Structure formats: C-alpha cells, structure tokens
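The values are calculated or read from the model by the stated rules, or taken from the named source; none is laboratory data. Keep in mind that this is a model prediction, so the values were computed, not measured. FYI the Cβ positions are ideal-geometry reconstructions off the backbone, even for glycines, and counts take in every protein chain you see. Remember, those area values only see protein heavy atoms, side chains included, never the ligands or the DNA or RNA. Shrake-Rupley method; radii C 1.70, N 1.55, O 1.52, S 1.80 Å.
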Amino acid sequence: MEVFVTGAGGYIGGAVARRLLADGHGVRGLTRTANGAATLAAAGIAPVIGSLDDAPVLAEAARRADAVVNAADSDHEGAAVALVAALAGTGKPLIHTSGASVVADLAGGEPSGRILFDDEPFTPLPAKAARAAIDRAVLAAAAHGVRSVVLCNSLIYGTGHRPGVESVQLPALLRQARRDGVVRHVGRGLNIWSNVHIDDVADLYALAVQRATPGLFVFVENGEASFRDLAQASADGLGWPGPEPWPVADAVAALGAQRALYSLGSNCRVRSRRSREVLGFRPGVARVLDWIRQDWLAPA
C-alpha cells in the first residue's frame, strides 16, 4: 500500500510514517522545504513539496495514494477539505488527526470525575468548536465514499523520531521549569489527562490505515495521570525539590490562555472502546510517570 502522510517530519506524523515503512508500505510525505525533503528521503520517505495551503498538491498526492494520513495540523480546515474532496467516491482511507483538548474543560487545575467514551456525544467549549467542526466534516465524508476516521489523541509522551521533534504538553512543563528554576503545575494540579505513548499512537494509526471503518471517531488513550503527579515525576527526574502550585492568572500571563488553560490546566479524561473493539488496538504498558523519571529526564 502507498500512504500519503502530511506532517511526516513532525512528532506524530514522523512516528506514523516510520511505523508504516516498517510494515512494508510505501510512504510519501508532505514537506515545505528542500531540507525537509532531504530528511524525509534519508528516512526512506518520498518527499512531496508543498504546504497545507496547497490544495492542488494535496489533492494530487491523495489521489495517487492508497490511503492518506493527515497528521500535520488538527486545526487546518483547508487541508481537511482538500483531502476529503480529493478522496470522494474512492473508498480510500483518510485518517485525520484531532486532539482531545476538544473535550477539555476549564478547571484551572481542579479535578473532575467526568470521563468521556468515544461513542458518547459531547459539546466542545467555544475555543475548540472549530476543531470539532473539522472533525465532523471529515467523519461526514463517509457518506461520500471516503473511509474516514478521526483519531483524537490524548496527551502523548515518548521520545520523538529525531532530535528536536517532541510533543506539546510535557515539554512545555519542562521549558517552564528550566526557565524559572522550579517545576510548577497550574493551580493545585489535580486536573487529569489521559495519555498514550507515541509508539502506541503509531501502532493505532497503522491499524486504522488497514482497518478504516467509515465515519469512525476514536480517542487515543492508554492510562491517565494528574498534572501534579506529572510535575512531581518531572521534579524527581531532574533531582529538584517538589513542584509548586502556579496561580492560574500567572500561568496565563506567562504561557497564554490556550496553553495554560487547555493544555496544562484542564481535565481531559477519555476512554476508547472503538480503538480496541473495532481497530484491534493492543497498547503496551501505561507508564508515563516511570518514563518521565527513568527515560526522559534520567541523568546521562
């Protein structure tokens, strides 16, 4: 199978592209630059020069491929529309990447008992309504001959496929800690996020390419942890004193509302029946706290 992957040089897309290569698939990857093309080619990925704004480039690459993985930007409506239009009537898989902050709250570091399964309806907060609308548009393509699947990732951890490629939330905590000399969590840090290792993410995408069920929305998760525990594990790994609370207003002033409130201060507790029952997902052992202490931040 030949698979076209947007974001093939990034954290999620890069892991997925390499997993697909390992499975014996051919992979073509979107990149904006000659340097990016050289990096992809060195990894065995055929480069496609263009950006998410180049609808004709996306359409041509999508039509040529047997399946498409859109892993570059969950919020880029134009790219999603172009890929859906190009694949209409083909019966090909379109695996679209979303993020679970689409169901997050605004708890400011306080806990929540709400747990959402991927076969349950939800109403996003206004700041995430546009992302949810893109997800719905991709899913609706199932009525037009596209085997569309939305994989909605929770907090992803694990080392990227090359230096400088990393996830969002935990590196943001680490940058703040190294800048200020102390590990912090927003508010009391009792807010909880589901999480998943990047290798398991790549496995699930590979399964979705093979077993795409039209119109399937799937949370990507394997365990959960509070941000206070994540911050404590980070302090342990660094050999620093324990973490300190960060007043919400101060966190917003330092990081911006998007990162402080949604990425680090919210609850996002999700569960996936569909990944296991429909796609056959069998993730490894959930170990985010051990990974932080022993792998990510362990002294060399």
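General observations
- Cβ pairs under 8 Å, 6+ apart, first in region 145-159 and assigned to a loop (DSSP other than H, G, I, E, B), second crowded, with 24+ Cβ neighbours inside 10 Å and of a type in the set (Ser, Thr, Tyr): Ser154/Ser194
- Residue under evaluation Asp200, criteria (1) acidic (Asp, Glu); (2) open to solvent by less than 20 Å² (accessible area, probe 1.4 Å); (3) without any contact (Cβ under 8 Å) to a residue 40 or more places away in the chain, criterion not met: (3)
- Lone qualifier among Gly242, Gly215 - being of a type outside the set (A, V, I, L, M) and over 27 Å from Leu279 (Cα atoms): Gly242
- The condition (being β-branched (Val, Ile, Thr), modelled with pLDDT under 95 and open to solvent by 20 Å² or more (accessible area, probe 1.4 Å)) is satisfied by just one residue among Thr213, Thr159: Thr159.
- Considering region 224-244, the residues that are closer than 21 Å to Gly113 by Cα and not in a helix (DSSP H, G or I) include one that is most open to solvent (accessible area, probe 1.4 Å), namely Glu224.
- Yes/no for Asp135 being open to solvent by 10 Å² or more (accessible area, probe 1.4 Å) and touching a Ser or Thr at 6+ places or on another chain (Cβ under 6 Å): no
- Complete set of residues in region 7-34 that are assigned to a helix (DSSP H, G or I) and either open to solvent by less than 60 Å² (accessible area, probe 1.4 Å) or of a type in the set (Phe, Trp, Tyr) (or both): Tyr11, Ile12, Gly13, Gly14, Ala15, Val16, Ala17, Leu20, Leu21
- Region 250-281, subset open to solvent by 50 Å² or more (accessible area, probe 1.4 Å) and not in a helix (DSSP H, G or I), residue farthest from Thr213 (Cα to Cα): Arg271
- Here the condition is being over 16 Å from Phe117 (Cβ atoms) and either modelled with pLDDT of 95 or more or over 16 Å from the mean Cα position of the chain (by Cα) (or both); of Val288, Val278, it holds for Val288 alone.
- Among the candidates Ala298, Ala233, Ala254, the residue that is modelled with pLDDT of 95 or more and touching a helix residue (DSSP H, G or I) at 6+ places or on another chain (Cβ under 9 Å) is uniquely Ala233.
- The residue of region 42-92 that is surrounded by the fewest Cβ atoms within 10 Å (Cβ to Cβ), among those that are free of Cβ contacts under 8 Å to residues at least 24 places away in the same chain and hydrophobic (A, V, I, L, M, F, W, C), is Ala42.
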